[in-house]
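As structure tokens, the structure follows; a few thoughts come after it.
Nothing in this text is a laboratory measurement; each read-out follows from the coordinates by a stated rule. A quick note: this is a predicted structure, and the numbers were derived from the prediction, not measured. Here the Cβ positions follow ideal geometry from the backbone for every residue, glycine too, while neighbour counts run over all protein chains shown.
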């Protein structure tokens, strides 16, 4: 049987509007990367291309190719517009 | 201790520690980013700022540290407000003390430029028309 992990995804700005969620917990297959999680999300929500986004795992910037571990907090970061 | 802060309160420059911290500084530079009433031809009534606070504080603190390393300055501070802001409200304040004006100006400019491109804060413009839009990329 395929092994799975649970992660939380936090949404901000346009992604929060698109998903209508601040955060959600999902179950995915073990070995998934940030990129593959996003590919799953765009089958559910109307989201922009991942090339426009940065990725943070557990409150640190990370590569979209990073493998996600059980219990990780994942955030996809739209282009920032502070100031 | 980090000198980068996120707040939901009104930023009042008078409440920020503005006293020359070491009396070694002959220059103090302050930048304030203020909500204006128009952008790209649209009339703006207010801005909503949203923030990924854990990473914003981490990245903002890195920027303050970089400014202290890169420039000959004695003190650097930045606070960014989030939530709903009205036209005329201060959204961000940068404060730098240095021995001389040149590095004081440069460090102040460096901090606000880096904050606008690196710190995960987003603003949504609310227009007179009733519509609203998340801005795309640092302006």
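Residues that are crowded, with 22+ Cβ neighbours inside 10 Å and either facing another protein chain (nearest Cβ under 7 Å) or part of a helix (DSSP H, G or I) (or both) within segment B:84-122 comprise B:92, B:104, B:107, B:108, B:111, B:115, B:119, B:120, B:121, B:122, listed in sequence order.
Please pick out the residue among A:9, A:57, A:42, A:26 that is without any contact (Cβ under 8 Å) to a residue 24 or more places away in the chain, under 13 Å from residue B:52 (Cβ atoms) and more than 10 Å from chain B (Cβ to nearest Cβ).
Details: A:9 fails: without any contact (Cβ under 8 Å) to a residue 24 or more places away in the chain; A:42 fails: under 13 Å from residue B:52 (Cβ atoms); A:26 fails: under 13 Å from residue B:52 (Cβ atoms).
Residue meeting the stated conditions: A:57.
Go through segment B:72-83 and count every residue that is surrounded by fewer than 20 Cβ atoms within 10 Å (Cβ to Cβ) and touching a helix residue (DSSP H, G or I) at 6+ places or on another chain (Cβ under 7 Å). Number satisfying all stated conditions: 1. For segment B:69-83, the candidate set comprises residues that are touching a strand residue (DSSP E or B) at 6+ places or on another chain (Cβ under 6 Å) and away from every other protein chain (no Cβ under 11 Å); within that set, the residue that is nearest to residue B:32 (Cα to Cα) is B:79.
Against the definition (touching a strand residue (DSSP E or B) at 6+ places or on another chain (Cβ under 6 Å) and exposed (fewer than 14 other Cβ atoms within 10 Å of the Cβ)), how does residue A:49 come out, yes or no? Explain how you work it out, then say what you get.
Values: touching a strand residue (DSSP E or B) at 6+ places or on another chain (Cβ under 6 Å): no; exposed (fewer than 14 other Cβ atoms within 10 Å of the Cβ): yes.
When the stated conditions are applied, residue A:49 does not pass them.
If you check A:81, A:43, A:25, which single one turns out to be touching a strand residue (DSSP E or B) at 6+ places or on another chain (Cβ under 8 Å) and assigned to a loop (DSSP other than H, G, I, E, B)? Steps first, answer last, please.
Working: A:43 fails: touching a strand residue (DSSP E or B) at 6+ places or on another chain (Cβ under 8 Å); A:25 fails: assigned to a loop (DSSP other than H, G, I, E, B).
After applying the criteria, what remains is A:81.
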